[in-house]
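Visitor: My questions will all concern the structure given below.
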Amino acid sequence: AMQASPGARIREGDCAVLKRGEVFKAVPVLRRRKIIFEKQWFYLDNAIGHIYGTTFEVTNGGNLQPKQEVEETTTETKEAGTDNRNIVDDGKSQKLTHDDIKALKDKGIKGQEIVQQLIENSTTFRDKTEFAQDKYIKKKRKKYEAVITIVKPSTRILSTMYYAREPGKINHLRYDTLAQMLTLGNIHAGNKMIVMETCAGLVLGAVMERMGGYGSIIQMYPGGGPVRAATSCFGFPKPYFDNLHEFPLSKVHSLLSGTFSTETLPSDPEDNAPVEEESNGLSDEKQTSLQETEEEPTTEAPMEINQAEEQETMDINAEDVEFKENKEKENRENVREKQMKQWERRKKLREAAALLKEKNADGLIVASKFHPTPLLLSLLEFVAPSRPFVVYCQYKEPLLECYTKLRERGGVINLKLSETWLRNYQVLPDRSHPKLTMSGGGGYLLSGITVVLDKGKSDSSNLEALKMEEPSPKRCKVQDLHC
Amino acid sequence: MSFIEYGDTIKDGDTAIVFLGHESMFPVKVQHGSVTQTKYGVIRHSTDLIGKKYGSKVTCSKGGWVFILHPTPELWTMNLPHRTQILYSTDISVITMMLELKPGSIVCESGTGSGSLSHALIRTVAPTGHLYTVEFHQQRAEKAREEFREHGVDHLVTVTNQDVCKNGFGVSNVADAVFLDIPSPWEAIGHAKSALKAEGGRICSFSPCIEQVQRTCLAMEEYGFTEINTLEILLRVYNVRTISLQIPDLGKAAEDNSGTGFDSSNPSNQGSPGANLQQGTVQFKSGVPLREMVGHTGYLTFATKS
């Protein structure tokens, strides 16, 4: 199998995900690199070599050490109350002060011991019901027993992390919605997939994971280049990228109309350009970066730098003759290098174009900030008949329009507009119930299957449309929603 | 074709899906000389199917037509013959992602049931993974084996006829993931743990009743599983419809016996005065929910062995 087993070990250079309770953070595994996570500072050095899934404690020196298995405290018959009718919340029931607790921490007292101290110094603890005591202990443990688990990135982990931390970057695509897309799209090894996403590369990574390095993917991108920040988090082996192609949206029309050429290239990603990730302007989340280091420049959305301008600035500084000569030599080398790069890019562009022109893709996945209709209408042309396609949109209305336009176009069946509701549960003896908060919305999906398009006969495509729609009753009452 | 690899043309021996229109479809075993009856007439396999491209329109003897689709586990789930209650793609999607399944994964499943989830799992772990599925009902186990053979995926799956609670999955320390959809999953947690790799793996249990979930979570905790999490997922479908709503007649602003009786500045106004039933209407496109939706299938409980 091409995939690393779940028993894989943490190695330097990996992208690992730190987990504490329900909180995740992706970090690069680098020696002597200070990491901040959940109000703690530490180095990852000691974690290197351990198996993913290991739980660590942070020592006073900021190092990680594997957590020892703790013996379960014997359940002595603890004193407990029956209800809270006499418990007054005056904020004074805990006798230890902030300073007392800090002193304990500074002394190096372990979290378990601190929790024990808090229990002993709480005047109301023994009046609480057993359930309330349990809840109290869990809460204190969570706060003071700071354990961190280092987990291997996967679609499950990364999609959960992104949805919690930076939903704006992924157009609020909730992880269960992503799960639906991967299954509805029949993503599996050997497919030739077309992916169009502006979800920081998360959707692309999820597709790559399900394809296991087999088959091929053509990623369509807006602007100068695809954003693959999240994709690099997955830690795929290099061969996975051999069959990953990209193609600019700006050339789709020319490709479809037969006027495609590689004369003009989408703007060059310059090596030192800082990453300007386009915000979709909808979220008010802070743009905290998930990762500690800058990304590899070649995988980032570049700033649009004019090549001619670059050339000019290099000429301006020439005062010294020798300096000028060296500069000219440098210029020639730079120009040569640029030409090489451009030649490479043209070659890759032609290859991707050739793959698309075959019009035999096994599926299409769209998840972007753009209006889905123009994307679908054009990209479906590249998909073979009897293949699934799935479009994600944060909003329902654009998909209504998309549905209508697809009906007019014909060549698609089994169109379905849907969303999923996700509910998490607390399961404890005598205390099982759905959790208090629930996601309000995870986006919408429009899915369908392609069929052979009868281009010449617009009558029959209308007939098809009628056949595919739910039959409407002959007499329409205005109040009847099914009219 | 196969359930794990796309093909372009229909071949003898394929399982194809006949699509008649709006969620009306059925599977068909393609065979030289066979005929299939549909409400639009007869489909002759040798002339109408074999050699045609998947996704083609096929005209039946009475003149109506259908589409022939390439099989997928999702289409199979919607059309397979039920021997038991099955899992649908909504739950299957979440199970697949939360168990972190991918090509090469080794999965254990019990019970096999009607093979709905099985087909989806096989598709995901192909071409290098494997599914070990356990079914305690002898005929169901045999039927499952037969179907996997017919669908060209039998090299990726092993069906074992035994009780998973008593005898486990038949393998140990090899699985990346275990899935349980049985009446008493808490009795199989120990076996699940030993089937999973020593370095760790994921487990999922599907149960309709909360009491089952409670027992299972307790068992998972006792066996040292971590990250225990229970959720449910529901699918909500919308029909895309053009809706026309009538504008009510609110009478006229001034008391006036002559005149039209409603606001003439209203652009969608249709026209004649007096006792007119056909007033103005406003049209819009809407995503209308269905009258009923599935409110519950089962609770999904996931956990990690580390």
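Visitor: Kindly establish whether A:Ile150 is outside any loop (DSSP other than H, G, I, E, B), surrounded by 12 or more Cβ atoms within 10 Å (Cβ to Cβ), touching a strand residue (DSSP E or B) at 6+ places or on another chain (Cβ under 8 Å) and not assigned by the TED database to the domain that holds A:Val203.
Guide: Here the answer is yes, as A:Ile150 does meet what is asked.
Visitor: Output the qualifying pairs, or none if there are none: Cβ atoms under 7 angstrom, residues six or more apart or on different chains, first residue in the stretch B:223-234 and assigned by the TED database to the domain that holds B:Ala188, second residue polar (S, T, N, Q) and assigned to a loop (DSSP other than H, G, I, E, B).
Guide: Correct list of pairs: B:Thr226/B:Ser306.
Visitor: Does the stretch A:40-60 contain at least one residue that is hydrophobic (A, V, I, L, M, F, W, C), touching a His at 6+ places or on another chain (Cβ under 7 Å) and at pLDDT 90 or above? If you could, list the steps in order and put the result at the bottom.
Guide: Step one: list which residues in the stretch A:40-60 are hydrophobic (A, V, I, L, M, F, W, C), which gives A:41-42, A:44, A:47-48, A:51, A:56, A:58.
Subsequent filtering for residues that are touching a His at 6+ places or on another chain (Cβ under 7 Å) retains none.
Looking for residues that are hydrophobic (A, V, I, L, M, F, W, C), touching a His at 6+ places or on another chain (Cβ under 7 Å) and at pLDDT 90 or above, one finds none in the stretch A:40-60, hence no.
Visitor: Collect the residues in the stretch B:83-102 that are buried (at least 24 other Cβ atoms within 10 Å of the Cβ), at the interface with another protein chain (Cβ under 7 Å from one of its Cβ atoms) and not in a helix (DSSP H, G or I), keeping them in residue-number order.
Guide: B:Lys102, the sole residue that qualifies.
Visitor: For residues that are among the small types (Gly, Ala, Ser) and within 11 Å of chain B (Cβ to nearest Cβ), scanning just the stretch A:183-222, find the one that is surrounded by the fewest Cβ atoms within 10 Å (Cβ to Cβ).
Guide: Among those residues, the one meeting the criterion is A:Gly190.
Visitor: Of everything in the stretch B:187-235 that's within 7 Å of chain A (Cβ to nearest Cβ) and at pLDDT below 95, which residue is surrounded by the most Cβ atoms within 10 Å (Cβ to Cβ)?
Guide: Across the stretch B:187-235, the extreme among qualifying residues is B:Gly200.
Visitor: Restricting the search to the stretch B:54-82, which residues are free of Cβ contacts under 8 Å to residues at least 24 places away in the same chain, over 19 Å from B:Thr15 (Cβ atoms) and at the interface with chain A (Cβ under 10 Å from one of its Cβ atoms)?
Guide: Once the filter is applied, which keeps residues that are free of Cβ contacts under 8 Å to residues at least 24 places away in the same chain, over 19 Å from B:Thr15 (Cβ atoms) and at the interface with chain A (Cβ under 10 Å from one of its Cβ atoms), the stretch B:54-82 yields only B:Lys57.
Visitor: With the requirement that a residue be over 30 Å from A:Tyr52 (Cα atoms) and within 14 Å of chain B (Cβ to nearest Cβ), what does the stretch A:135-159 give you?
Guide: none
Visitor: Among B:Pro127, B:Pro103, which is free of Cβ contacts under 8 Å to residues at least 60 places away in the same chain and more than 13 Å from the chain's Cα centre (by Cα)?
Guide: On the way: B:Pro127 fails: free of Cβ contacts under 8 Å to residues at least 60 places away in the same chain.
Answer to the check: B:Pro103.
Rundown of residues vs (1) within 21 Å of A:Glu69 (Cα to Cα); (2) not aliphatic (A, V, I, L, M), yes/no style:
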residue	(1), (2)
A:Asn84	no, yes
A:Asp89	no, yes
A:Gly108	yes, yes
A:Ile119	no, no
A:Ser122	no, yes
A:Thr129	no, yes
A:Lys142	yes, yes
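Visitor: Just one of (1) of a type in the set (Phe, Trp, Tyr); (2) assigned to a loop (DSSP other than H, G, I, E, B); (3) within 8 Å of another protein chain (Cβ to nearest Cβ) trips up A:Phe370, so point out which.
Guide: (3)
To keep it simple, each residue is scored yes or no on (1) over 30 Å from B:Glu221 (Cβ atoms); (2) part of a helix (DSSP H, G or I).
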site: A:Leu376; (1), (2): yes, yes
site: A:Tyr392; (1), (2): yes, no
site: A:Arg407; (1), (2): yes, yes
site: A:Leu417; (1), (2): yes, no
site: A:Leu422; (1), (2): no, no
site: A:Tyr425; (1), (2): no, no
site: A:Arg431; (1), (2): no, no
site: A:Gly440; (1), (2): yes, no
site: A:Leu446; (1), (2): yes, no
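Visitor: Yes or no: A:Glu166 farther than 24 Å from A:Asn414 by Cα, within 11 Å of chain B (Cβ to nearest Cβ) and either modelled with pLDDT of 95 or more or touching a His at 6+ places or on another chain (Cβ under 6 Å) (or both)? Outline the logic, then answer.
Guide: On the way: farther than 24 Å from A:Asn414 by Cα: yes; within 11 Å of chain B (Cβ to nearest Cβ): no; either modelled with pLDDT of 95 or more or touching a His at 6+ places or on another chain (Cβ under 6 Å) (or both): yes.
Spelling it out, it is not the case that A:Glu166 is farther than 24 Å from A:Asn414 by Cα, within 11 Å of chain B (Cβ to nearest Cβ) and either modelled with pLDDT of 95 or more or touching a His at 6+ places or on another chain (Cβ under 6 Å) (or both).
Visitor: Here is a further query. Please enumerate the residues belonging to the stretch B:49-64 that are surrounded by fewer than 21 Cβ atoms within 10 Å (Cβ to Cβ) and not β-branched (Val, Ile, Thr).
Guide: Those that are surrounded by fewer than 21 Cβ atoms within 10 Å (Cβ to Cβ) and not β-branched (Val, Ile, Thr): B:Gly51, B:Lys52, B:Lys53, B:Ser56, B:Lys57, B:Cys60, B:Ser61, B:Lys62, B:Gly63, B:Gly64.
Visitor: Which condition from (1) more than 17 Å from the chain's Cα centre (by Cα); (2) within 14 Å of another protein chain (Cβ to nearest Cβ) is the one that B:Thr133 breaks?
Guide: Failing condition for B:Thr133: (2).
Visitor: From the residues in the stretch B:36-51 that are part of a loop (DSSP other than H, G, I, E, B) and modelled with pLDDT under 95, which one is farthest from B:Phe67 (Cα to Cα)?
Guide: Applying the filter and picking the extreme gives B:Lys39.
Visitor: Something else now. Does A:Asn46 meet the test of being of a type outside the set (A, V, I, L, M, F, W, C) and more than 26 Å from A:Glu22 (Cβ to Cβ)?
Guide: Spelling it out, it is not the case that A:Asn46 is of a type outside the set (A, V, I, L, M, F, W, C) and more than 26 Å from A:Glu22 (Cβ to Cβ).
The values are calculated or read from the model by the stated rules, or taken from the named source; none is laboratory data. Remember, it's a predicted structure, so these values are computed and weren't measured experimentally. A quick note on method: Cβ atoms are made from the backbone with ideal geometry, for glycine too, and the neighbour counts reach across all protein chains shown.
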